[in-house]
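> To start, I am sharing the structure in question, which I have written as structure tokens.
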Amino acid sequence: MLVIISTILVLIGLTIIIFIILKKFPSLAILDVENIPGEKEAKFKERIIRKRLTRDLSKWNKFFNKVWHFFNLIISVPLYRAYNKLKAVRDKYHKTKKLTFAERRDHIKDLFRTAEDNLKAGELDKAETDLIEIISLEAKNLPAFIQLAAVYSAGKKWAEARQTLGYALKLSKASKGEHFLGDITLQEIHFSLASVNQNLNDLTKAIDHIREALEFEPNNPRFLDLAINLAIARGDKKFATEMFDRLREANPENAKLEPWQAEIEAIPEQKIEGKSEKKNRTGDPIE
């Protein structure tokens, strides 16, 4: 990039020099040389040309020096930073590449601890860096993806959180309990995806994921809580009522039951968009 810019500046400079020369030569034609001896005329013109070119080139040289220093400043600083960043990544890669399996596992545990501490302290960029390093060392480390999604959620980076959880869901289904699953369950991933999609205002996907979570744990109060909120937000009275009845049976002391009941009763009786019945020409529903 620096070479390209330098080449462009040189070409611009040559163009300007040629332009100056072409511009100055016609002006010499109008000089009154009739009274100048013939043998001195050539030297006189040469001296005039040299002085003008020297003066003009000196002016443009100062201009190009300023431009060059400006470009050099704005280019060299980012390049220097990028170089240092790449050098740090390379050094870290070579360092971790030499670790034994046991040393690598210990290193990953340390990274998890620092990531958790950074997340609690609100140092989200540092936590993200720690977790990405874990993933670079173990591409199928499911807890790292789950924790990374939590970091993105804490920073309200909902799109990144959904993408990360989506990969974690695929990894979890493919892993069959092999790749460091720990206490992570499919229903918890679905619950997290429902919550993230709620924040992205994608209620359809949010409800799809909470339904998946409820397939595993039909009476989980957290799942039912989110399901009711999503159903009310979408205006799905049937689903909201079903989830409300299930939560009331599982947790009758829940303080949200009464206000929820009022909200559900206020939902108008109507079909959800995209769920309307097909009718024949007489207006009767098609079975």
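Every read-out reported here was derived from the displayed coordinates using simple, explicitly stated rules and does not represent laboratory data. This is a predicted model, so every value here is computed, not measured. Note that we place each Cβ from the backbone using ideal geometry, even for glycine, and neighbour counts take in every protein chain shown.
> Tell me, what ³J(HN,Hα) does each residue in the range 151-157 have, in order and in whole Hz, if you take phi through Karplus 6.51 cos²θ - 1.76 cosθ + 1.60 with θ = phi - 60° and put x for Gly and Pro?
My calculation for the range 151-157 gives 5, 5, 5, 4, x, 6, 8 Hz in order.
> Calculate the dipole size of the range 98-173 relative to its Cα centre from +1 charges on Lys and Arg beta carbons and -1 charges on Asp and Glu beta carbons; express the result in debye to the nearest 20.
About 380 debye.
> If you don't mind, another one. In what sequence do Thr185, Thr100, Thr114 fall when counting other Cβ within 10 Å, fewest first?
By the 10 Å Cβ count, ascending, the order reads Thr100, Thr185, Thr114.
> Sort the range 185-270 into rounded, prolate or oblate with this rule: let a ≥ b ≥ c be the square roots of the eigenvalues of the Cα gyration tensor; rounded if a/c is under 1.5, and if a/c is not under 1.5, prolate when a/b is larger than b/c, oblate otherwise.
oblate
> Same structure again: In what order do Phe244, Phe112, Phe216 fall by count of nearby beta-carbon atoms within 10 Å, going from fewest to most?
Ascending number of Cβ neighbours within 10 Å: Phe216, Phe112, Phe244.
> What is the distance, in nm, between label points placed 7 Å from the Cα along the Cα-to-Cβ direction at Asp106 and at Leu257?
So the two model labels end up 5.4 nm from each other.
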